[in-house]
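Everything below concerns the one structure shown next.
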Amino acid sequence: MLFRSCFSDRPGLITKRDIRIQILADLALQPDQILWDIGAGTGSVSIEINRLCPQSRVYAIEKTLAGITLIQQNRQTLGNTNLYPIHGEAPQVLEQLPDPHRIFIGGSGGNLTAILNACGQRLRPQGQIVLALATLEHLHSLFTWVNQTSGDQAQAWQVQLRQIQIHHSTQVAHLHRWQPLTPITLATLSPP
């Protein structure tokens, strides 16, 4: 599948295919769901979700105008009908959306705790939140939030972590070697 993925200030910024596959698996998608893709970037995850579950409504939330433009172009090119690009910053823009069954957080713009607060309140029963985290600081913020939110409850948020390190081959002269990509931690949250 060919996505347009060019940000002038961040070339090649797209959730890599190998990572998208695992995100889709961790979301455990079902037909006729409402999904939020927060920090959607170019919309690659949203478009994959919409193609797998065309009856589901997918809201691709992106704060940059360049990102929204790319999501709209990708939606038009790839024929996605239930994909709704939402221009705005989370968590504020989430107030206008229907409660989701699944949430993917691919970017937080420095608002991860506030976004998690909003998502935790709005997620439907038996829902799931999947996050793609590239920094230790965001992983720390996630666990701080989980611990504060769960408190003394007998039932706390269930957290599953998976770290993915992908290497692609690259040519060096007439030889080939492995080129590592940034490791990504996928966190799957199930509510208490």
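The values are calculated or read from the model by the stated rules, or taken from the named source; none is laboratory data. Just so it is clear, the model here is predicted, and its values are computed rather than measured. Note that we place each Cβ from the backbone using ideal geometry, even for glycine, and neighbour counts take in every protein chain shown. Just so you know, the surface numbers come from the protein's heavy atoms only, side chains and all, with ligands and any DNA or RNA stripped out. Shrake-Rupley method; radii C 1.70, N 1.55, O 1.52, S 1.80 Å.
When ARG162, ARG75 are compared by accessible surface with a 1.4 Å probe, the order from highest to lowest is ARG162, ARG75. Only the Cβ atoms of Lys and Arg (+1) and of Asp and Glu (-1) were treated as charged; on that basis the dipole of the chain about its Cα centre amounts to roughly 500 debye.
Provide, for q = 0.08, 0.15 Å⁻¹, the log10 of I(q)/I(0) from a solvent-free Debye sum over equal Cα point scatterers in the chain. Log10 of I(q)/I(0), two decimals: -0.26, -0.89.
Extension gain ALA134-SER150, at 0.36 nm per residue separation less the Cα-Cα distance, in nm?
Here the segment from ALA134 to SER150 would lengthen by 3.4 nm.
Only protein heavy atoms count here; under a 1.4 Å probe, GLU137 has an accessible surface of about 130 Å². Per atom type, the chain shows carbon and sulfur on 51% of its accessible surface, probed at 1.4 Å.
The mean accessible area for residues of the chain, using a 1.4 Å probe and ignoring ligands and nucleic acids, is 53 Å² per residue. The helix-based estimate of mean residue ellipticity at 222 nm for the chain, built from -39,500 (n - 2.57) per DSSP H run of four or more residues and divided by its residue count, is -9500 deg cm²/dmol to the nearest 500. Taking label points 7 Å from Cα along the Cα-to-Cβ direction, TYR84 and THR69 give a separation of 2.5 nm.
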